[in-house]
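Student: Here it is: the structure, laid out below.
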Amino acid sequence: MDRTYRRGQTVPVSSFKDRYLRWLNRTLNPLTLRAARSGRGPFSLVEHVGRKSGRTFEAPLILAPVPDGFVAELTYGDRVNWYRNLLAGGGRVFHRGKWYRVVGVEAYGVEEGLRALGAPASWVLRLLRRREFRLLRVEADL
């Protein structure tokens, strides 16, 4: 197997998924971060603290407001950093110009999640067979 070197360590060459996620991070994330920070458009901002680094990070996501908080779909699975950091140390959500503190995360039903996100997001998620929804329970962050 081909190998590449990173920080003095030999590691396997990245998979297509890893390369795709890195490309998204470098190209689309800066644009969607700007949209999320503006409080307009479909994007919200999830602020979380790194489990190891202690640094604050921001992730632009499409969240659906529901009575108990916000619904998120884990498009890239439950191993993504923003989600793992949120579980480990909490975080905040910026949605439509307001900050909310995340006080809990729990599983959310597939049909309920699709209904909360609405069209056209639910159409795309059905087509991609995405089924991992989470409820981010929040309180207003003063």
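Each reported figure results from applying straightforward, stated rules to the coordinates on display, with no laboratory input. Please read these numbers as outputs of a predicted model, since none were measured by experiment.
Student: Remind me, what semi-axes does region 8-142 give for its equivalent ellipsoid, largest first in whole Å, using sqrt of 5 times each Cα gyration tensor eigenvalue?
Tutor: Values: eigenvalues 110, 73, 47 Å².
Each semi-axis is √(5λ); the values are 23, 19, 15 Å.
Student: Here is a follow-up. Mind telling me which of 18, 78, 68 comes out most flexible in a GNM of the chain, alpha-carbon contacts under 10 Å?
Tutor: Result: 18 has the largest fluctuation of those listed.
Student: Pulled fully out, how much extra length does the chain show between residue 21 and residue 81, if you take 0.36 nm times their separation in residues and subtract their Cα-Cα distance?
Tutor: Numbers: separation 60, 0.36 × 60 = 21.60 nm, distance 1.19 nm.
Full extension from residue 21 to residue 81 adds 20.4 nm.
Student: Also, quick follow-up: Over the alpha-carbon set of region 17-95, work out the extent along each principal axis and list the three values in angstrom, largest first.
Tutor: So the extents along the principal axes, rounded to whole Å, are 34, 27, 22.
Student: What three numbers, in Å, describe the spread of the alpha carbons of region 95-142 along their principal axes, ordered from the longest?
Tutor: Principal extents (largest minus smallest coordinate, Cα): 39, 22, 13 Å.
Student: Still on this model: Beyond 11 Å, what percent of the Cα pairs of region 47-92 remain?
Tutor: Distances greater than 11 Å cover 68 percent of the Cα pairs.
Student: Skipping prolines and chain starts, which residues have an amide H placed within reach, meaning under 5 Å, of the one on residue 63, given they are 5 or more residues away or on another chain?
Tutor: The answer is 44.
Student: Also, I was wondering about something else. Give me the number: length gained by fully extending residue 29 to residue 106, i.e. 0.36 nm times residue separation minus the C-alpha to C-alpha distance, one decimal in nm.
Tutor: That pair, residue 29 and residue 106, stretches by 25.2 nm at full extension.
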